[in-house]
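One structure is given here, and the rest of the page talks about it.
The values are calculated or read from the model by the stated rules, or taken from the named source; none is laboratory data. Since this is a predicted model, take the numbers as computed values, not measurements. Don't worry about glycine lacking a Cβ; one is built from the backbone with ideal geometry, like all the others, and counts go over all protein chains shown.
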Amino acid sequence: MVIAPLRRKVLRDLRRLWPQALAIALVLAAGVATLILGNGAHAALSDTRARYYADYRFADVFADLTRAPLSLLAEVSALDGVLAAEARIVKLGRPELPDLTAPASMMMVSLPARQGAGLNRLHLRQGRLPDPLSTREVVISADFATAHGLQPGDGMSVVMNGKRRMVSITGIALSPEFIYALGPGEMMPDPRRFGIAWVPRDMLAGAFDLEGAFSNLVVQLAPGADESRVIAAIDRLITPYGGGGAVGRVDQVSHAFLDAELRQLGAMVKVLPPIFLLVAAMLVHMTLSRLIALEREQIGLLKAIGYSPRAIAGHYLELVLLIAGCGILIGFGAGAWLGAGLAQIYARFFSFPFLVFTRDPAVYGLAALVTLAAAVAGALQAVRAVLALPPAVAMSPPAPADYRRDGGHLAARIPLRQSQRMLIRHLWHWPLRTGSSILGVAMAVAILVASLWSPGSIEHMIDVTFTRADRQDVRITFATALAPAAFADSRHLPGVMTAEPFRAAPARLTKGSRTKRIVIEGRPSDARLSRVLAPDLRPMAMPEAGLILSEALAEALDVRPGERVQVEFLDGRRARVELPVSGISVGYVGLGAAMELQALNRATGDGDLVSGVNLQLDPAQSAAFLAHAQDAPGTSFLTVSDLTVARFRATLAENITVMITVYVALAAIIAVGVVYNFARIALSEQGRELASLRVLGFTRAEVTGILITELAVVVALAQPLGWLIGHGIARAMVAAFSSDLYRVPFVMGPQVYATASLVVCAAAVLSALAIGRRIGQLDLIAVLKTRE
Amino acid sequence: MANLRDPVIGPVIRAEGLTKVYRSGPVEVQALRGVDFTAAAGEFVVILGPSGSGKSTFLNILGGLDTASAGRVWFRGLDLTALDDRGLTRYRRDHVGFVFQFYNLVPSLTALENVALVTEIARNPMPPAEALALVGLSARRDHFPAQLSGGEQQRVAIARAIAKRPELLFCDEPTGALDSATGIKVLEALTEVNRATGATTLVITHNAAIREIADRSLRFADGRIAEEVVNPVRKAPTEVSW
């Protein structure tokens, strides 16, 4: 096969420039990989969820109520816009297993009478569904089974409604309702301490005295139905039966957490790939411009012998496309690999029966196209210069660089060593290149700043939530609100040092057209354990009548202190009142509102009630306490702060370590790519000067020092810019990550900036070492004997 | 000048049996074949010869830019052939000035700053302005290389080479890229510097006429000194017919 001479030149150029080409290709690859990862993971997660929901008939509307007769179901089913409705019993139980010493809960969900029918159908992993007539058989959730090594055929005991019952496991299953299975009162899923059991209806009805009745309603909407109208109609039907207000998928816990994850992925796709592609385009431009400058005479010659400008420009574009092609291929591989890794993280977090990481050619095609466009955009400007040069001019050497206007006289006045003057003028003489190199390194710093801040802010979140606000060791939540006597009883449990009651009243808050469904928590005015904090983190005194809203809720409702909101309580007597907003508090988990306990009880009109107790314990007696507290008649579940925090930390630590490793690698690729290319170009331009200095008697170290100092100046100037950009990205991420479920506090300590700079500087030093070797190899004589 | 050539002081630079073989794959090129040479302090020597005759190799080895394959070179009592890269750098820094055909000025530094580049690292330099005055460029001290003519750039290069007060000044085709009028100015600068500083000056040239301005001229051929002529009387550069 005959290869055209220009094409042969492309291949030889590539072989000669391979380290620079590789550096550019890697930056492009990082862009491709993050594009594929972000878009691919987004598509994988949303497609998997959509298919799972459709195949297993995930409901659209969910409602809890106290007790409604089964006959009500026919009325719900008859509502306009309702395609299917199912009346269930859903109650919390407490699993008892030999390896389970910490408090745990089990969500007991009734199964429809006809096997495999209904909404929120199960995906059986192992075994079979229970016999509908059995009073012992259950199916349990896969994660809980794995965490405790349970198999079909095993038995366990579950405390239901205060009575211990033996159940036998017939199967292990997943449900679209519990993809993200968060236990009551917890911040992170913990499969050891929270599981789901699907139980034949009659057995649950017997256990919870709900024969002929139900406590939970799930509804599938007809296509095109108006969700809010259906919810309003359902609310009207269930209110007399203690209905706490129906919600759509948006407020369903599992669905909402998946949504938050999807939004984070979407934010990542918007931030990371553009950074890489921008830096890559700048690198292509820098490198190609220098290559074209060096080959000026060859270009003139090619033109003189009759090659068209288009052919010559095409030749350089071919080189760039080849580099971009390599980058795209590496990026495809890395993207697929990282995607598989992300899928594993998802598998740990979310319970899907299947998770296919998409190999959608559109995702790959788009990534390739965008990357090629970035590379070509970087090349075009440089190639345009080739087209403009007349052959005769091109063949004569370029005029020596003219430094007259480069602030030369300013630099002359400052007392500097001549070598320092050289580097200042050199940096100043190529403002575009210097600027884009600074920007490139700054981007590496920014990526790190934007990823390294999260551990600090999570610690802040934990500190505020658990050491300043909720300082109790344990919270006991009652199954229903009880008279104050229950609170008095809890004070006599073993090891209790301090006890404070609380009331949790679900309510709908409305201001104008904005409505939020939340829980108002009542606390004693002098609460010492569970406190409400002002934005300056000082405990707030509970007002006599008004509400204190969390910042997130106040923003969601767009209310300010002094304004009034409509409050509709969703249980008990379902009072509707108007209350003033007395203050704004900080809080990172969920939307929260707080009131003084007595004021809340007055507002609900339900009388003197408590929903649970916050306790401080004598650590020596905590085991005895747990044993007694779990069996206390009113107890629904216990929340142990230490366990919640430990789980929260462990889960995040694992994921953040993975994430930070990836980000550090990506930032290092940018830093090495930019610094190495900048240094190679500087060396190519100044090689002759540096060789002259060696001849004049400068030592190898002195000459290397000049180039290294130039790099150091670029890297140093990039730091503050990188901090600034990183700060901006981090702020945008905080905004993007905030949801009704949680908010991320923005905490940026000096150690974040320092670590980011340290990593980038280390990458720069590596590049500098590679360049230092080349300076050592400068051929002094050859340089001096030739014209540039 | 006579006392500078006093044998008691002895030669400044001396070479014995200098041989250089370049190997590039299987090809061997014998650039120098046993050259013996001595130069006294303050002597002005012109070296002639066709391309490839070994004169540049000879100058590069004497200047510490290249190493010999065999033979030895002494600068005063210092055996250059025994020095490593660090030692040769030290030698160039302290004792040798170079002038090349293509000037090799730093484009981002003015004439004065180009000279100061060297004086900053020299042990006993002259003020940069004085060096520029020696080559007649005081008026152009704040100009960048891009603002200077070829001859002016070469004179800056000479000023830069001699500002450290070197004992040796090596010039490889210093007028090769210049027209005759400019070339004469450069040669004048060289002879003036040689007179004023007493630096032993070796100048490689293709122009045979230039030998008349030297104390002595050597003609290289085929890696050897083929001819050596001592001029009883040195001509001024302006008297040379180009």
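Data table
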{"quantity": "Some residue of segment A:50-69 being of a type outside the set (Lys, Arg) and touching a His at 6+ places or on another chain (Cβ under 7 Å)", "calculated": "yes"}
{"quantity": "Any hit, segment A:678-695, residues being buried (at least 20 other Cβ atoms within 10 Å of the Cβ), more than 14 Å from chain B (Cβ to nearest Cβ), among the β-branched types (Val, Ile, Thr) and assigned to a helix (DSSP H, G or I)", "calculated": "yes"}
{"quantity": "Members of segment B:135-154 that are in a helix (DSSP H, G or I) and either in contact with a helix residue (DSSP H, G or I) (Cβ under 6 Å, 6 or more places away or on another chain) or closer than 24 Å to residue A:413 by Cα (or both)", "calculated": "B:138, B:139, B:140, B:145, B:146, B:147, B:151, B:152, B:153, B:154"}
{"quantity": "Segment B:126-137 - residue that is away from every other protein chain (no Cβ under 11 Å) and surrounded by 18 or more Cβ atoms within 10 Å (Cβ to Cβ) and, of those, farthest from residue B:93 (Cα to Cα)", "calculated": "B:137"}
{"quantity": "Top-ranked residue in segment A:458-484 [being in a helix (DSSP H, G or I) and in contact with a helix residue (DSSP H, G or I) (Cβ under 8 Å, 6 or more places away or on another chain); ranked as modelled with the lowest pLDDT]", "calculated": "A:458"}
{"quantity": "From A:425, A:433, residue being within 30 Å of residue B:116 (Cβ to Cβ), within 14 Å of chain B (Cβ to nearest Cβ), modelled with pLDDT under 90 and in a helix (DSSP H, G or I)", "calculated": "A:425"}
{"quantity": "Selected residue (only one of B:189, B:161, B:209 is within 13 Å of another protein chain (Cβ to nearest Cβ), in contact (Cβ under 8 Å) with a residue 12 or more places away in the chain and either within 14 Å of the chain's Cα centre (by Cα) or over 27 Å from residue A:424 (Cβ atoms) (or both))", "calculated": "B:161"}
{"quantity": "Residue identified as free of Cβ contacts under 8 Å to residues at least 40 places away in the same chain and either assigned to a loop (DSSP other than H, G, I, E, B) or aliphatic (A, V, I, L, M) (or both) among A:732, A:754", "calculated": "A:754"}
{"quantity": "Flag for residue B:155 being of a type outside the set (Asp, Glu) and away from chain A (no Cβ under 12 Å)", "calculated": "yes"}
{"quantity": "Among the residues listed as A:726, A:722, the single one being at pLDDT 90 or above, away from chain B (no Cβ under 13 Å) and closer than 30 Å to residue A:256 by Cβ", "calculated": "A:726"}
{"quantity": "Long-range neighbours under 6 Å by Cβ, at least six apart or interchain, first residue exposed (fewer than 13 other Cβ atoms within 10 Å of the Cβ) within segment B:224-242, second in a strand (DSSP E or B)", "calculated": "B:227/B:219; B:228/B:218; B:230/B:216"}
{"quantity": "Condition met for residue A:767 (within 28 Å of residue B:89 (Cβ to Cβ), within 14 Å of chain B (Cβ to nearest Cβ) and part of a helix (DSSP H, G or I))", "calculated": "no"}
{"quantity": "Residues (small (Gly, Ala, Ser), touching a helix residue (DSSP H, G or I) at 6+ places or on another chain (Cβ under 8 Å) and on the phi < 0 side of the Ramachandran plot) located in segment A:196-229", "calculated": "A:213"}
{"quantity": "Residue within segment B:169-191 that is out of contact with any Phe, Trp or Tyr (no Cβ under 8 Å at 6 or more places or on another chain), closer than 19 Å to residue A:695 by Cα and not hydrophobic (A, V, I, L, M, F, W, C) present", "calculated": "no"}
{"quantity": "Residue in segment A:278-289 that is surrounded by fewer than 22 Cβ atoms within 10 Å (Cβ to Cβ) and under 30 Å from residue A:45 (Cα atoms) present", "calculated": "yes"}
{"quantity": "Residue A:161, sole failed condition from (1) farther than 18 Å from residue A:348 by Cβ; (2) modelled with pLDDT of 95 or more", "calculated": "(2)"}
{"quantity": "Total residues in segment A:583-607, condition of a type in the set (Gly, Ala, Ser) and in contact with a strand residue (DSSP E or B) (Cβ under 6 Å, 6 or more places away or on another chain)", "calculated": "7"}
{"quantity": "Residue in segment B:74-113 that is nearest to the other protein chains (Cβ to nearest Cβ), counting only those that are buried (at least 23 other Cβ atoms within 10 Å of the Cβ) and β-branched (Val, Ile, Thr)", "calculated": "B:106"}
{"quantity": "Matching entry among B:140, B:123 (being over 19 Å from the mean Cα position of the chain (by Cα), more than 9 Å from chain A (Cβ to nearest Cβ), of a type in the set (Lys, Arg) and within 21 Å of residue A:701 (Cβ to Cβ))", "calculated": "B:123"}
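To keep it simple, each residue is scored yes or no on (1) more than 27 Å from residue A:341 (Cβ to Cβ); (2) of a type outside the set (Asp, Glu); (3) at pLDDT below 90.
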position	(1), (2), (3)
A:1	yes, yes, yes
A:4	yes, yes, yes
A:38	no, yes, yes
A:44	no, yes, yes
A:47	no, no, yes
A:61	yes, yes, no
A:64	yes, no, no
A:70	yes, yes, no
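A quick yes/no check of all residues on (1) touching a residue at least 24 places away in the same chain (Cβ under 8 Å); (2) among the small types (Gly, Ala, Ser); (3) assigned to a helix (DSSP H, G or I):
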position: A:188; (1), (2), (3): yes, no, no
position: A:215; (1), (2), (3): yes, yes, no
position: A:229; (1), (2), (3): yes, no, yes
position: A:243; (1), (2), (3): yes, yes, no
position: A:263; (1), (2), (3): yes, no, yes
position: A:266; (1), (2), (3): yes, yes, yes
position: A:272; (1), (2), (3): yes, no, yes
position: A:277; (1), (2), (3): yes, no, yes
